[in-house]
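Following: one structure in structure tokens, then a few remarks.
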2 protein chains.
Amino acid sequence: MQRKIVLIGCGVVGQGFLEILVKKKELLANKFDFEPVLVGVADMMKGSILAQDGIDIPAFLEHVKAKGTVHDFPVESAIVGLNSIDILKQAEADIMVEVTYTDIKTGEPASSHIRTAFEKGMCVATTNKGPITLHFKELVDLAKKNNVLFKYEGVVMSGTPIFDLLDYCLAVNDIHEIKGILNGTTNFMLTKMEDENMSYQDALALAQKLGYAEADPTADVEGFDALAKVIILSNVVLGGSLKPSDAKERIGISGITIEDIQKAKSEGMRYKLIGSTKLENGQIIASVKPVKLPLSDPLAGVGGAVNALTFKTDLSGDITILGPGAGKLETGFAIMIDVINMHQEM
Amino acid sequence: MQRKIVLIGCGVVGQGFLEILVKKKELLANKFDFEPVLVGVADMMKGSILAQDGIDIPAFLEHVKAKGTVHDFPVESAIVGLNSIDILKQAEADIMVEVTYTDIKTGEPASSHIRTAFEKGMCVATTNKGPITLHFKELVDLAKKNNVLFKYEGVVMSGTPIFDLLDYCLAVNDIHEIKGILNGTTNFMLTKMEDENMSYQDALALAQKLGYAEADPTADVEGFDALAKVIILSNVVLGGSLKPSDAKERIGISGITIEDIQKAKSEGMRYKLIGSTKLENGQIIASVKPVKLPLSDPLAGVGGAVNALTFKTDLSGDITILGPGAGKLETGFAIMIDVINMHQEM
């Protein structure tokens, strides 16, 4: 079955998704009866193209990789130069894929893209933390009102299953607490500090050199990135309406010294930057802070840039999932699984 | 929507499932539009009852717990004393829940129950390793032929999601290797030997005292239990047709001494009984054996009676899930999630 897709954002994640569509074309057709038709692409830096009859995906992907542009991909009767909102207004699509750059303060332009798509009757798959952190309830209601589906597996731990795990595999359970390692950069640094006796500064420099940490590492090392994910989990899974400023604590790892880590090690413990949220007496308590874990805690064994979450459930006990929290194919996969699940449910 | 259920096997798992139906009655009705009607129960030791108009589940559960019998639960116009196959032949049910005792050598009586249910047009949820180990392909084909659903989430790691994780959350991925800790008893023993310097014999005695290990611990300590799960994963996930005797190796932990464990510890390594299966040059290589893992391996951090599996995927990297591998509610939940997913898909 053909499904028309409009792609807003054609950076790493958008291209990762298109790569999977190319790589898995036969499997998607044979196993899922899914045939993607790409009808439009808009990217703030690379330009836009609208072609209702469909864009040749492998050729387009090659073009974008070679030239870094979208608008000049040759398609007969294509319309170029529209802005992203006009692309959405004019595109006849079943699904919008929203993978623009995350602005955690305004949620824009992603939130406007999502609202426009819903009003046009499109289902939406996104990996953009902005809209989910800031406008989750409004957007869920708007999707319902327009009778469309809304999926966002990639906003926490990229393609490692979190929301699908809860919805499809752990439904019926009551989840009362979630805690985990939600920032790969800081986990990488803590692992290096413990295993190789590296100082905080050296570990940070290495993380920057390897591309894990930004030139300004504040969002990672001070816990803001992990906190955004904790707020999303609080609102999506525990039913809260929290803003980041509602968190009880947000403490990063910049105060952790190699002496702290070695002392913990000598006690059979290990420091991890733990994001957690729990329901207590009807209130949601969310926090991010370094925690000294006993080595018997499954989260203590999570090394390197890996992410992990433990869900405390009433029927299934403690369920922990570990996996990548970033990556081109990994995050592209988050869109892929959302699209395939929506395809089967729409 | 009413769904008629016939329950074959009313031991720990069957009662765990019924407990969840009682505990979650409102959630099941409101969130999933699911109203269970229990039309029949058969248990080899406790007797049987067939009551097409439905059995009061909370009262029945109380009766079974108090008296240890099924056939004398008072229901007007109930038929008692039928054997399990006749119950299935006469019951008008949408779903059979098969949770009889596992016989890994013959797969009976579970396999006959499942065949009979399929031929009667019932969907089947089971936690019974016997039929899945011995007759997986035949049963999948028979389900297809009869246009019914067949789910078995609980046969590996009880209610911790494995097959649902792959089907609903990691679909589109190519899985080429699976490895994990599939026996809680031996993992508990290895953890005690390392953490408390306990001898193999003392650790085994403790596991027996706590009810983790049987009086005859062979199935656990010699790796037979883990191997059955490896064979299931080989056949269900990797598409093989292996019998347990096709495994490359099956080595248990009875040869592991406290000296081995302490030596590994001094090298920064840890012994785990690892079950693994992988596709190599078109061949499936399955094994169970003690492996010295670096502490950076997510499986090294799995302590106590917890189970864990790592899936090596082509798009999502390494995904590891940890959770209980046994337990009344945990295994009852495996049936619950199968039943709810079938309810939504039938």
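Inter-chain neighbour count for A:171-177: the average number of beta-carbon atoms from partner chains within 10 Å of each residue's beta-carbon is 5.
As an exercise, take the mean of 1/r over every pair of distinct alpha carbons in the protein assembly as shown, invert it, and state the Kirkwood radius in angstroms.
Numbers: mean 1/r = 0.0373 Å⁻¹.
Hydrodynamic radius (Kirkwood, Cα pairs) of the protein assembly as shown is 26.8 Å.
Listed peptides A:241-250, B:280-289 appear in the order B:280-289, A:241-250 once ranked by packing, highest mean of other Cβ atoms within 10 Å at the front. Per residue of peptide B:330-338, the mean number of Cβ atoms on other chains within 10 Å of the residue Cβ is 3.
Springs between Cα atoms under 10 Å define the GNM used for chain A, and in it the highest mean-square fluctuation of A:31, A:278, A:151 occurs at A:31. What separates the residue B:119 label point from its copies, with the point 7 Å along Cα to Cβ, is 6.1 nm, written shortest first. The amide H of residue B:43, built 1.01 Å from its N in the peptide plane, has B:9, B:48 as neighbours under 5 Å, considering only residues 5 or more places off or on other chains.
For chain B, modelled as a GNM whose springs connect Cα atoms under 10 angstrom apart, the maximal fluctuation among B:254, B:111, B:77 occurs at B:77.
When the pairs A:265/B:263; A:144/A:243; B:151/B:179; A:328/B:179; A:328/B:31; B:25/B:328 are compared against a 27 Å limit on Cα-Cα distance, A:328/B:31 fall above it. Sequentially through region A:117-127, phi angles give Karplus couplings (6.51, -1.76, 1.60; θ = phi - 60°) of 4, 4, 5, 7, x, 8, 6, 10, 10, 9, 10 Hz, Gly and Pro residues having no value and appearing as x. Projecting 7 Å from Cα along the Cα-to-Cβ direction, the label point of residue B:140 sits 3.5 nm from its equivalents in the other copies, listed shortest first. Give me the distance between the Cα centres of region A:144-212 and region B:154-199, rounded to whole Å. So the two Cα centres are separated by 21 Å. Expressed per residue, the C-alpha convex hull volume of region B:226-294 stands at 85 Å³. Across region B:247-346, the relative contact order, built from alpha-carbon pairs under 8 Å that are at least six residues apart, equals 19 percent. Note that region A:9-26 has calculated 3J(HN,Hα) couplings of x, 10, x, 4, 5, x, 5, x, 4, 4, 4, 5, 4, 6, 4, 10, 3, 5 Hz, one per residue in order, obtained from phi through the Karplus relation 6.51 cos²θ - 1.76 cosθ + 1.60 (θ = phi - 60°); glycine and proline are x. Cα convex hull of chain B: how many Å³ per residue? Output value, Cα hull per residue: 140 Å³.
I need to check one value: relative contact order of chain B, counting alpha carbon pairs closer than 8 Å and at least 6 residues apart, in percent.
Working: 715 pairs, mean separation 67.0, N = 346.
The normalised contact order for chain B reaches 19 percent.
Modelled this way, with points 7 Å down the Cα-to-C-beta line, the labels at residue B:105 and residue B:56 are 4.4 nm from one another. Using a 7 Å projection from Cα along Cα-to-Cβ, the label point at residue B:268 is separated from the same position in the remaining copies by 2.1 nm, smallest value first. Cα-based radius of gyration for region A:1-151, normalised by 2.2 N^0.38 Å, reads 0.99. Which GluC sites (Glu not before Pro) in region B:1-95 pass both tests, a DSSP loop state and at most 15 other beta-carbon atoms within 10 Å? Counting only loop positions with at most 15 other Cβ atoms within 10 Å, the GluC sites (Glu not before Pro) in region B:1-95 are B:76, B:92. About the centre of its Cα atoms, region B:172-324 shows a dipole size close to 120 debye [charges on the beta carbon of Lys, Arg (+1) and Asp, Glu (-1) only; nearest 20 debye].
Taking 35 Å as R0, compute the FRET efficiency from the Cβ-Cβ separation of residue A:27 and residue B:210 and round it to 0.05. Walk me through the numbers before you get to the answer.
Numbers: r = 46 Å, r/R0 = 1.30.
Efficiency, from the Cβ-Cβ distance: 0.15.
Annotation: Cα Rg of region A:171-222 relative to the compact-globule expectation 2.2 N^0.38 Å equals 1.48. Site pair residue A:245 and residue A:71 shows an inter-label distance of 3.9 nm when each label is modelled 7 Å from Cα along Cα→Cβ. One equal scatterer on each Cα of region B:281-339, no solvent, Debye formula: the resulting log10 I(q)/I(0) at q = 0.22, 0.31 Å⁻¹ is -1.09, -1.23.
Can you tell me which of A:101, A:168, A:152 moves the most in a GNM of chain A? Springs connect C-alpha atoms under 10 Å apart. Of A:101, A:168, A:152, the Gaussian network model singles out A:168 as fluctuating most.
Taking a cut-off of 20 Å, what percent of all Cα-Cα pairs in region B:172-324 are separated by more than that?
On the way: 5482 of 11628 pairs.
When all Cα pairs of region B:172-324 are counted, 47 percent exceed 20 Å.
How far is the Cα center of region A:249-303 from the Cα center of region B:40-97, in Å? Cα centroid of region A:249-303 versus Cα centroid of region B:40-97: 50 Å apart. The residue of chain A whose Cβ sits closest to the rotation axis that maps A onto B, together with that distance in whole Å, is A:301, 1.
May I ask what percent, to the nearest 5, of DSSP beta bridges between residues of chain B are antiparallel? Rounded to the nearest five, the antiparallel share is 65 percent. For the peptide B:319-327, the mean number of other protein chain Cβ atoms found within 10 angstrom of a residue's Cβ is 6.
Since every read-out is calculated from the coordinates, none of them should be taken as a lab result. Everything numeric in this text was worked out from a predicted model, so none of it was measured. Counting neighbours? That spans all protein chains shown, and the Cβs are built from the backbone with ideal geometry, glycine included.
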